[in-house]
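Peer 1: Take this structure first; my questions come after.
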Amino acid sequence: MTGIIDYDAGNLRSVEKALEALGEEGEITRDPEKILSADRVILPGVGSFGDAMERIRQYDLEKVIHQVVDRGIPFLGICLGLQLLFERSDESPGALGLGLLKGEILRIPSKPGMKIPHMGWNSIGIKPDSRLFAGIEDQAYVYFVHSYYLHAADESQVAADTEYITHIHAAVESGNIYACQFHPEKSGRVGLAILKNFVDL
């Protein structure tokens, strides 16, 4: 069973449906026992960094997330779920993230003729030894919706990157932590293959 952490951040059902398409049971929950007994855990999310961290703490989920990681349970952050794994974000000055990985979330700089948020399909450069992207062709297209992007402190943790106005770290892998800035559940065949790789870890 895959636990999908519910902290009122939206986009949970589409993740659950994508798992169903793979024949995988997903359960949306904020029950610590269910999360910690899951075979793997996903932290999806759309919305504001600061508001999301406030809700995670309101529901006493910060400790649970750290326990998931400490126990070696495969953990996947999606979109805002990736950003929350890091220390801080330009979106919410003063708000502390989960701090599971080193890096910061920066605002995509403005550029004439380019829209923010970055919304749509972009190709990603994939690191050859990535487990999350095993069997997926380099420069495959995935679906993004975001105004802020990851700059990871440790380049060796970057599993995929992309270019949109600036250089964006699009996915990371570190131990049992995996995360994507894009939405695999909205990325068609490629996205389902990424989720299948996660489910099969």
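The values are calculated or read from the model by the stated rules, or taken from the named source; none is laboratory data. Note that this is a predicted model, so its numbers are computed, not measured. Glycine also receives a Cβ, built like all others from the backbone with ideal geometry; neighbour counts cover every protein chain displayed. Calculation scope for accessible area: heavy atoms of the full protein, side chains included, ligands and nucleic acids excluded. Shrake-Rupley method; radii C 1.70, N 1.55, O 1.52, S 1.80 Å.
Peer 1: Taking only complete DSSP H runs, can you tell me which helices of the chain stretch 30 Å or more along their own long axis by Cα positions and average at least -0.5 on the Kyte-Doolittle scale?
Peer 2: Length and hydropathy pass: none found.
Peer 1: What number in nm² do you get for the stretch 129-201 if you take the convex hull of its Cα atoms and divide its surface by four?
Peer 2: Over every viewing direction, the Cα hull of the stretch 129-201 projects on average to 4.9 nm².
Peer 1: To the nearest 0.05, what FRET efficiency results for Ala95 and Ile116 with a Förster distance of 25 Å applied to their C-beta separation?
Peer 2: 0.75
Peer 1: Select from the stretch 30-74 those trypsin sites (Lys or Arg not before Pro) which occupy a DSSP coil region and have at most 14 other Cβ atoms within 10 Å, ordered by residue number.
Peer 2: Taking the stretch 30-74 and a limit of 14 other Cβ atoms within 10 Å, the loop trypsin sites (Lys or Arg not before Pro) found are Arg71.
Peer 1: Give me the percent of the accessible area of the chain that comes from carbon and sulfur atoms, probe 1.4 Å, all protein chains in place.
Peer 2: Taking all protein chains in place, the chain shows 48 percent carbon and sulfur surface.
Peer 1: Can you find, among Thr162, Gly26, Ile116, the residue farthest towards the positive end of the dipole of the chain? Put +1 on the C-beta of Lys and Arg, -1 on that of Asp and Glu.
Peer 2: Toward the positive end, the furthest listed residue is Ile116.
Peer 1: Once every DSSP H run of n ≥ 4 in the chain is given -39500 (n - 2.57) and the sum is divided by its residues, what mean residue ellipticity at 222 nm do you get, rounded to the nearest 500 deg cm²/dmol?
Peer 2: -7000 deg cm²/dmol
Peer 1: Let me ask another. Compute the length gained on full extension between Asp70 and Arg107: take 0.36 nm times their separation in residues and subtract their Cα-Cα distance, giving the result in nm to one decimal.
Peer 2: Length gained, Asp70 through Arg107: 10.3 nm.
Peer 1: For the chain, go through all pairs of different Cα atoms, get the mean of 1/r, take its inverse, and jot down that Kirkwood value in Å.
Peer 2: 16.6
Peer 1: Charges only on Cβ, +1 for Lys and Arg, -1 for Asp and Glu: so what's the dipole of the chain about the Cα centre, in debye to the nearest 20?
Peer 2: Dipole of the chain, to the nearest 20 debye: 360 debye.
Peer 1: What does DSSP give for the chain in terms of the percent of beta bridges that are antiparallel, rounded to the nearest 5?
Peer 2: The antiparallel fraction comes to roughly 60 percent.
Peer 1: Please give the peptides 44-54, 72-82, 118-128 ranked by average Cβ packing (other Cβ atoms within 10 Å per residue), highest first, as a rough proxy for protection.
Peer 2: Taking the mean over residues of other Cβ atoms within 10 Å, the ranking is 72-82, 44-54, 118-128.
Peer 1: Express in % the proportion of alpha carbon pairs of the stretch 1-66 at distances exceeding 13 Å.
Peer 2: Taking all Cα-Cα pairs of the stretch 1-66, the fraction more than 13 Å apart is 59 percent.
Peer 1: Got a sec to turn the phi values of the stretch 129-136 into Karplus ³J(HN,Hα) couplings, 6.51 cos²θ - 1.76 cosθ + 1.60 with θ = phi - 60°, whole Hz, x for Gly and Pro?
Peer 2: Once θ is set to phi - 60°, the couplings for the stretch 129-136 become 8, 5, 6, 5, 10, 4, x, 9 Hz.
Peer 1: Okay, next question. Would you kindly state how much longer the chain becomes between Arg57 and Asp154 on full extension, computed as 0.36 nm times their sequence separation minus their alpha carbon distance, in nm to one decimal?
Peer 2: Gain in length upon complete extension: 32.3 nm.
Peer 1: Using label points projected 7 Å from each Cα along Cα→Cβ, tell me how many nm separate Met1 and Glu163, to one decimal.
Peer 2: Result for the modelled spin labels: 4.6 nm.
Peer 1: Contour minus end-to-end for Arg13 and Glu33, with contour as 0.36 nm per residue of separation and end-to-end as the Cα-Cα distance?
Peer 2: So the extension gain works out to 5.1 nm.
Peer 1: Okay, next question. To the nearest 20 debye, what is the magnitude of the charge dipole of the stretch 18-101 about its Cα centre, counting +1 on the Cβ of each Lys and Arg and -1 on the Cβ of each Asp and Glu?
Peer 2: Charge dipole, the stretch 18-101, about its Cα centre: 200 debye, nearest 20.
Peer 1: Oh, and also: For the chain, what is the accessible area per residue in Å² when the probe is 1.4 Å?
Peer 2: That works out to 43 Å² for each residue.
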